Amino acid sequence: MDNVIAIDGPAASGKSTIANQVAQRLGIYYINTGNMYRGATLLALENNITSETPSEKELEKLASDNQITYEKDKSGKLVLTINGKEADLDKIRSPEVTLYVSVISKSNAIRNWLVREQRKMTSLGYILMEGRDIGTNVFPNARYKFFLTASPEIRAIRRLSQGGETPKNATVASVARDIALRDELDSKRAIAPLRKADDAILLDSSHLSIDEVLNKIMTLLRENYDLTKK
Ligand code: DC
C-alpha cells in the first residue's frame with residue numbers, strides 16, 4: 001500500500017477545495033496534478049504548440065527539455081515549479097490554458113513524464129494527491145480513494161462564481177457546455193481516462209455544501225486513517 005489519499009473526479013466537482021482542506025486538517029502535503037498538466041499546457045503554448053493534434057515527437061521534446069514538479073519553497077510550503085521557478089497560478093488557470101489542456105493531457109509523452117514525477121512524491125511522506133487518474137493509474141495501491149462528482153449544471157454554476165478560468169462573456173449554459181466537452185475528452189481518451197476506481201468511495205456533492213463533503217471525508221478517514229503510518 002502507498003501512503004496516499006487519492007481524490008479524483010471531473011472538472012469543477014469541488015475536488016481542489018476539498019482536497020486542500022483535508023490535507024490541511026491532516027497536516028500532510030497536497031498535490032494538485034491538474035496544475036501539472038496545466039503547466040505542461042502553458043509550456044506548449046509558449047513553444048507555439050497550438051494544434052488540436054500535436055505530434056508526439058514535439059511533446060516528447062517538450063517533456064525532455066523542461067521540468068515540472070512540486071517543491072518546498074523557503075518557508076517549507078509545497079509549490080508547483082516550472083523549470084525551478086514557482087508557477088504563476090493565474091497563468092496556468094487562464095481560459096487559454098483551460099481550453100487546450102485536454103489536448104495536451106491526452107499525450108502519452110506528457111503523461112509518462114508527469115506520472116513519473118507524481119510517483120516520486122511519496123518521498124515527501126504521507127500525501128494527498130488530486131486529479132483524474134490517481135486512484136486508477138498513478139497510485140492504484142493508494143490507502144484511501146475518493147471519487148467526487150456533481151451534476152454538470154451545479155459544476156457550471158460553481159465554476160462561473162469562481163471566475164478566472166471562464167471567458168468574460170460566459171453564461172451557465174456556455175460553461176456547462178465547455179465542462180461537458182472536457183469531461184468527454186477526459187473520459188474517452190485512450191490513456192488513463194477519467195474513471196472511478198472500483199475501490200474508490202463515490203461522493204456526489206450536487207446537493208451537499210463544501211463543509212458537508214469535507215465532514216463526510218473526515219469521518220471516513222477518522223474511522224480508518226492511521227497516523228502512525230505517516
Ligand atoms: O483539475 P483540473 O481541471 O485543473 O485539470 C486540468 C486538466 O488536466 C483536466 O481537464 C485533465 C487533465 N488532468 C489529467 O489528465 N490527469 C490528471 N491526473 C489531472 C488532470
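The values are calculated or read from the model by the stated rules, or taken from the named source; none is laboratory data. These figures come from a predicted structure and were not determined experimentally. Methodologically, a virtual Cβ is constructed for each residue, glycine included, from the backbone with ideal geometry; neighbour enumeration extends over all protein chains shown. Calculation scope for accessible area: heavy atoms of the full protein, side chains included, ligands and nucleic acids excluded. Shrake-Rupley method; radii C 1.70, N 1.55, O 1.52, S 1.80 Å.
In this structure, GLU52 does satisfy being open to solvent by 80 Å² or more (accessible area, probe 1.4 Å) and within 16 Å of the ligand (Cβ to nearest atom). Going by the conditions given, is LEU114 hydrophobic (A, V, I, L, M, F, W, C), under 29 Å from LEU160 (Cα atoms) and in contact with a strand residue (DSSP E or B) (Cβ under 6 Å, 6 or more places away or on another chain)? Answer is no for this residue.
Table: residues versus (1) surrounded by 15 or more Cβ atoms within 10 Å (Cβ to Cβ); (2) among the acidic types (Asp, Glu); (3) under 15 Å from the mean Cα position of the chain (by Cα); (4) closer than 30 Å to SER64 by Cα.
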| site | (1), (2), (3), (4) |
| --- | --- |
| GLN118 | yes, no, yes, yes |
| ALA156 | yes, no, no, no |
| LEU160 | yes, no, no, no |
| ALA173 | no, no, no, no |
| LEU194 | yes, no, yes, yes |
| ALA200 | yes, no, no, no |
| ILE210 | no, no, no, no |
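Looking at region 138-151, can you tell me whether even one residue there is part of a helix (DSSP H, G or I) and open to solvent by less than 80 Å² (accessible area, probe 1.4 Å)? Within region 138-151, one or more residues are part of a helix (DSSP H, G or I) and open to solvent by less than 80 Å² (accessible area, probe 1.4 Å). Scanning region 83-107 for residues that are open to solvent by 30 Å² or more (accessible area, probe 1.4 Å) and more than 12 Å from the ligand (Cβ to nearest atom) returns ASN83, GLY84, LYS85, GLU86, ASP88, ASP90, LYS91, PRO95, GLU96. Checking ILE127, ILE110 one by one, the residue that is open to solvent by less than 10 Å² (accessible area, probe 1.4 Å), modelled with pLDDT of 95 or more and within 11 Å of the ligand (Cβ to nearest atom) is ILE110 and no other. Condition test on ALA44, is it within 10 Å of the ligand (Cβ to nearest atom) and either open to solvent by 70 Å² or more (accessible area, probe 1.4 Å) or in contact (Cβ under 8 Å) with a residue 40 or more places away in the chain (or both)? Answer is no for this residue.
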